[in-house]
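The values are calculated or read from the model by the stated rules, or taken from the named source; none is laboratory data. As the structure is a prediction and not an experimental result, all values here were calculated from the model. Cβ placement follows ideal geometry from the backbone for every residue including glycine, while neighbour counts extend to all protein chains displayed. Accessible surface areas use protein heavy atoms only, side chains included; no ligands, DNA or RNA. Shrake-Rupley method; radii C 1.70, N 1.55, O 1.52, S 1.80 Å.
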Amino acid sequence: MTENRKIIIAVDGPAGSGKSSISKEVAKQLKLKYIDSGAVYRAITWYLLEKHDEIPAKHNLSDYLKDVFFDQVFNEDGTCSTFLNERDISNDIRTEVIAKNIGIVSDDISVRELVNSILRKWSEMYSVIMDGRDIGSVVFPDANIKIYLDASVDVRAVRRFEEYKETGKNVDIKDIKKQIALRDTQDMSRPFGKLERREDAIYIDTSEMKKEDVIRKVCSIIKDYSM
Ligand code: CDP
């Protein structure tokens, strides 16, 4: 696919809808570059917490990021690594503390502009599948294919709970559900770059679907487009 022409696939949806696991597998199968936009917001949150203990109560949080360099690598085994000033922080950014603090960081317009420019730069040379909240609406409004992945809050809470369990993290499912519902509200109501289901996006409700079926469906949408 990459030899022919460069295409951009935007995958948006709420927390736990399966965006990242589906996008990674599709990227692997169709030889696309996968870009995880949420990981950049997570990396920024991690950095600010490391430096300041709590997120500074200030607008223009990007002022704190002048000496920070981000990088992301989509590995051959289908994993994605995120680097901050050359340190691999891929595991550090998947914690509840980050999830609790990320809302305020992603509400900051200066942070959003910085992240958007990074994401566009990473996409310059490749056909990419990128997941997030505002990829099809703000980052790449002209994306070739836009997909909106959804699932009920209950299903998403169970998925996130299983993910934490697999990595040995001990969490309470009720807390996870509350956190997801709160993050939905934050993600859907921010003034810039909010999560919304746009008319030009293909809507897939994955609540009752097996992961393999979602992957198959997304692959077939992309193949149909590319033929
Ligand atoms: O995996 P999950 O859906 O929980 O989160 P993520 O994709 O890693 O994104 C984490 C958070 O980053 C989201 O809840 C948003 O607050 C923010 N985010 C954003 O504002 N815009 C994006 N394009 C991606 C993530």
Self-check item: Hits in region 26-47 - residues which are touching a Phe, Trp or Tyr at 6+ places or on another chain (Cβ under 9 Å) and away from the ligand (no atom under 12 Å from the Cβ)
Solution: 26, 27, 28, 32, 33, 34, 47
Self-check item: Residues located in region 154-189, provided they are of a type in the set (Val, Ile, Thr) and within 14 Å of residue 18 (Cβ to Cβ)
Solution: 155, 158, 180
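Hey, could you check region 124-138 for residues that are within 13 Å of the ligand (Cβ to nearest atom) and in a loop (DSSP other than H, G, I, E, B) and say which is nearest to the chain's Cα centre (by Cα)? Give the derivation first.
At the first step, the residues of region 124-138 found to be within 13 Å of the ligand (Cβ to nearest atom) are 130-138.
Next, only the ones that are in a loop (DSSP other than H, G, I, E, B) stay: 133-134.
Numbers: 133: 7, 134: 9 Å.
Of everything passing the filter in region 124-138, 133 is nearest to the chain's Cα centre (by Cα).
Kindly evaluate residue 213 against the criterion of being at pLDDT 90 or above, away from the ligand (no atom under 13 Å from the Cβ) and under 21 Å from residue 133 (Cβ atoms).
Details: at pLDDT 90 or above: yes; away from the ligand (no atom under 13 Å from the Cβ): yes; under 21 Å from residue 133 (Cβ atoms): no.
Against the criterion (at pLDDT 90 or above, away from the ligand (no atom under 13 Å from the Cβ) and under 21 Å from residue 133 (Cβ atoms)), residue 213 does not qualify.
If I ask for residues that are farther than 15 Å from residue 63 by Cβ and buried (at least 17 other Cβ atoms within 10 Å of the Cβ), which ones from region 105-117 would you list? Show your work before the answer.
Filtering region 105-117 down to residues farther than 15 Å from residue 63 by Cβ leaves 106-107, 116-117.
The answer is 106, 107, 116.
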Quiz item: If you scan region 11-21, which residues turn out to be open to solvent by 10 Å² or more (accessible area, probe 1.4 Å) and under 12 Å from residue 36 (Cβ atoms)?
Solution: 19, 20, 21
Quiz item: Looking at (1) within 13 Å of the ligand (Cβ to nearest atom); (2) farther than 28 Å from residue 127 by Cβ; (3) at pLDDT below 95; (4) in a helix (DSSP H, G or I), which is the only condition residue 175 fails?
Solution: (1)
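Looking at region 83-102, which of its residues are part of a loop (DSSP other than H, G, I, E, B) and within 15 Å of the ligand (Cβ to nearest atom)? Let's see the steps before the verdict.
Step one: of region 83-102, the residues part of a loop (DSSP other than H, G, I, E, B) are 85-86, 89-95.
Those that are part of a loop (DSSP other than H, G, I, E, B) and within 15 Å of the ligand (Cβ to nearest atom): 89, 90, 91, 92, 93, 94, 95.
Please go through region 26-41 and pick out each residue that is in contact with a Gly (Cβ under 7 Å, 6 or more places away or on another chain) and open to solvent by less than 30 Å² (accessible area, probe 1.4 Å).
Within region 26-41, the subset in contact with a Gly (Cβ under 7 Å, 6 or more places away or on another chain) is 28, 37-38.
37, 38, listed by residue number.
Could you say which residue among 101, 91, 85 is under 12 Å from residue 44 (Cα atoms) and open to solvent by 50 Å² or more (accessible area, probe 1.4 Å)? Reasoning before the result, please.
Details: 101 fails: open to solvent by 50 Å² or more (accessible area, probe 1.4 Å); 91 fails: under 12 Å from residue 44 (Cα atoms).
Every option except 85 fails the conditions.
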Quiz item: Got a number for residues in region 203-217 being open to solvent by less than 70 Å² (accessible area, probe 1.4 Å) and in contact with a strand residue (DSSP E or B) (Cβ under 9 Å, 6 or more places away or on another chain)?
Solution: 4
Quiz item: Of the residues that make up region 139-156, is at least one in a helix (DSSP H, G or I), among the small types (Gly, Ala, Ser) and either closer than 20 Å to residue 68 by Cβ or assigned by TED's automatic domain parsing to the domain that holds residue 221 (or both)?
Solution: no
Quiz prompt | The one condition in (1) buried (at least 21 other Cβ atoms within 10 Å of the Cβ); (2) part of a loop (DSSP other than H, G, I, E, B) that residue 44 fails to fulfil | solution = (2)
Quiz item: Does region 60-82 hold any residues that are within 16 Å of the ligand (Cβ to nearest atom) and open to solvent by 30 Å² or more (accessible area, probe 1.4 Å), and which are they?
Solution: 74, 79
Exercise. Report the residue count in region 130-162 for those that are at pLDDT 95 or above, open to solvent by 40 Å² or more (accessible area, probe 1.4 Å), under 19 Å from residue 211 (Cα atoms) and among the acidic types (Asp, Glu).
Key: 1
